[in-house]
1. Pairs only if they're at least six apart or on different chains, beta carbon under 7 angstrom, first in region 262-287 and over 24 Å from THR396 (Cβ atoms) and in the same structural domain as PHE370 (by TED's automatic domain parsing), second β-branched (Val, Ile, Thr) and assigned to a helix (DSSP H, G or I); list them, first residue then second.
2. Quick check on my filter: what residues within region 178-218 are of a type in the set (Val, Ile, Thr) and either in contact with a Ser or Thr (Cβ under 9 Å, 6 or more places away or on another chain) or surrounded by fewer than 18 Cβ atoms within 10 Å (Cβ to Cβ) (or both)?
3. Which pairs do you get when a residue that is closer than 26 Å to ARG386 by Cβ, found in region 291-304, comes within reach of a residue that is buried (at least 16 other Cβ atoms within 10 Å of the Cβ) and aromatic (Phe, Trp, Tyr), reach meaning Cβ atoms under 6 angstrom, with the pair 6+ apart or on two chains?
4. Scan region 220-235 for residues that are part of a loop (DSSP other than H, G, I, E, B) and under 23 Å from VAL205 (Cα atoms) and jot them down.
5. Which residues, counting only those in region 219-229, are surrounded by 19 or more Cβ atoms within 10 Å (Cβ to Cβ) and either over 17 Å from PHE135 (Cβ atoms) or of a type in the set (D, E, K, R) (or both)?
6. Please go through region 436-454 and pick out each residue that is in contact (Cβ under 8 Å) with a residue 60 or more places away in the chain and either more than 28 Å from ALA263 (Cα to Cα) or touching a strand residue (DSSP E or B) at 6+ places or on another chain (Cβ under 7 Å) (or both).
7. Given the residues LEU354, LEU378, which is the only one that is farther than 13 Å from ALA294 by Cα, touching a helix residue (DSSP H, G or I) at 6+ places or on another chain (Cβ under 9 Å), of a type outside the set (Gly, Ala, Ser) and touching a residue at least 40 places away in the same chain (Cβ under 8 Å)?
Amino acid sequence: MPKTPRESRQRIPHLHLNRLGIWCFRLTMDGQTRQKSLGTKDRALAIMLASKLNWELSMTKRSTEPTVTDIIKAFKKDGREFDAEFPDGTKLTGINTDDDLRRAKELMLSRIEAIGPIEPHYAPTREQTRPAPTFKGKRFLAATKPYMEEMATDDINNLKTREDKEATYAAFAEQFGNPYMGSIDKNHAVEFKRAQLKLGGALRVNKKIGHLSEFIRWAIGNGEAHENPFDGTRISKKSTLSKKVQSYQPFTQDDLDEIFNPANYVLYATESRPHFKWLPFLLLYSGARPDEMAGVRLDQIRQEQGIDFIALKSGKNSNSIRKIPLHRVVRESGFMDYIEQRRREDPEGQLFPLLKPSKNGYAKNVARRFNEYYLAQLRIDDPTKRLYSFRSTFITRMTELNVNVAMVMALVGHFEQTAVDLSSPHFKNYQGAKLIGALRDTIDLLDIKLPMQF
């Protein structure tokens with residue numbers, strides 16, 4: 001039955017709805033809370049029954065407050081035996097059935113306000129009357145500013161990551177009117193997720209939820225928030241979603257013969273753009289990611305115990321260095337002369353100075369030319385074969401050669417090199433060797449041959 005305006009407005013002291021949807025009468029006195037089920041889910045009947053109990057308490061003629069014992073005794077009465085008389089002489093008796101309720105309902109509701117002060121003798125303690133403290137906090141975007149300033153000092157959060165986070169925060173603020181931090185709750189998190197799902201897939205949405213969750217965790221630690229409503233709102237586990245991501249397939253030997261055919265390669269790799277020439281070659285013989293190699297500085301090309309290697313940051317730990325020794329084919333190529341030339345030109349500069357950092361890293365232009373122009377010209381049109389496939393080719397061939405898995409993982413960044421223990425039985429072929437030497441011996445096992453000389 002729809003509620004009347006009077007029903008919607010009326011609030012009866014001590015009347016509560018429990019988790020099962022049944023109305024109860026709850027009273028706290030002397031530090032003890034007692035609750036009596038009114039045995040009904042009908043709000044109107046519950047109002048009448050609760051009003052009766054409140055009326056009985058208010059009409060108790062005594063100089064002291066009713067005791068807990070008195071309350072318990074009142075609770076023991078059958079809540080459905082409803083007999084009450086209002087100040088204007090109106091009497092309600094024997095309300096037990098739905099028919100009784102329907103007859104009494106209109107009359108009862110019209111008299112509720114006539115009850116007056118229900119409990120003139122009951123004065124809650126100061127602790128009970130003190131309102132719960134509320135946390136307002138800063139506006140959402142204002143709170144993100146110091147967080148983003150901190151992120152800018154951390155190498156883990158590159159330019160693209162920071163721009164993605166700022167875009168996420170701007171979208172959230174726009175959707176909810178830049179709310180105060182203290183007002184952001186689970187409803188905001190769920191509504192934001194639903195709105196983003198209309199714009200993209202689960203991976204994209206989870207990434208944005210991750211941006212917000214990371215910020216809120218920071219905010220909690222810095223006194224800008226009290227709880228994280230984004231916890232538990234991801235669409236599914238990362239391991240499940242990762243299976244849906246299209247992986248890059250390795251190039252076959254036929255593919256490599258076409259790519260590095262001198263007659264073809266000269267159309268792609270111009271002398272005025274050394275990055276076009278050297279990057280595919282280096283990626284194939286190192287297993288590095290395109291953006292890692294494209295952004296290498298000259299001071300990252302080092303030597304240890306007479307072994308030339310490239311020092312890359314390992315994964316997300318900016319303090320960990322991954323050493324990739326130059327493959328014997330690279331050491332015997334003109335690339336070594338190119339390094340010396342660059343050191344004479346700009347000792348502290350980039351290996352490939354014409355490549356500039358962008359939102360998508362240093363390799364963007366090379367990847368675009370290689371993927372969209374060169375592979376298309378060669379009619380290698382498999383969408384899973386791209387510049388990144390050189391890394392897949394390296395890993396696949398090393399696996400086919402039964403090279404020590406841990407050493408391969410250490411080279412490609414899937415295993416921390418500092419955790420490699422060459423004294424372990426797992427590295428019996430390398431015992432007695434230094435790590436840099438073991439890494440060089442491992443990378444030299446790659447036996448891919450190309451139809452052109454570099």
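The values are calculated or read from the model by the stated rules, or taken from the named source; none is laboratory data. The structure presented is a predicted model; accordingly, all values stated were derived computationally and were not measured. Using ideal geometry, Cβ is built from the backbone for each residue, glycine included, and neighbour counts are taken over all protein chains shown.
1. Cβ pairs passing all conditions: HIS275/VAL366; PHE276/VAL366.
2. Passing the criteria: VAL190, ILE209.
3. Between residues of region 291-304 that are closer than 26 Å to ARG386 by Cβ and residues that are buried (at least 16 other Cβ atoms within 10 Å of the Cβ) and aromatic (Phe, Trp, Tyr), the close pairs are ASP291/TYR362; ALA294/TYR362; GLY295/TYR362.
4. Within region 220-235, ALA225, GLU227, ASN228, PRO229, PHE230, ASP231, GLY232, THR233, ARG234, ILE235 qualify.
5. GLU224
6. To start, the set of residues in region 436-454 that are in contact (Cβ under 8 Å) with a residue 60 or more places away in the chain comprises 436-437, 439-440, 443-444, 446, 448, 450-454.
Scanning region 436-454 gives ILE436, GLY437, LEU439, ARG440, ILE443.
7. Criteria check complete, one pass: LEU378.
Okay, residues lined up against (1) over 23 Å from SER358 (Cα atoms); (2) modelled with pLDDT of 80 or more:
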{"position": "PHE140", "(1), (2)": "yes, yes"}
{"position": "LYS145", "(1), (2)": "no, yes"}
{"position": "ASP154", "(1), (2)": "no, no"}
{"position": "ALA189", "(1), (2)": "yes, yes"}
{"position": "ASN222", "(1), (2)": "yes, yes"}
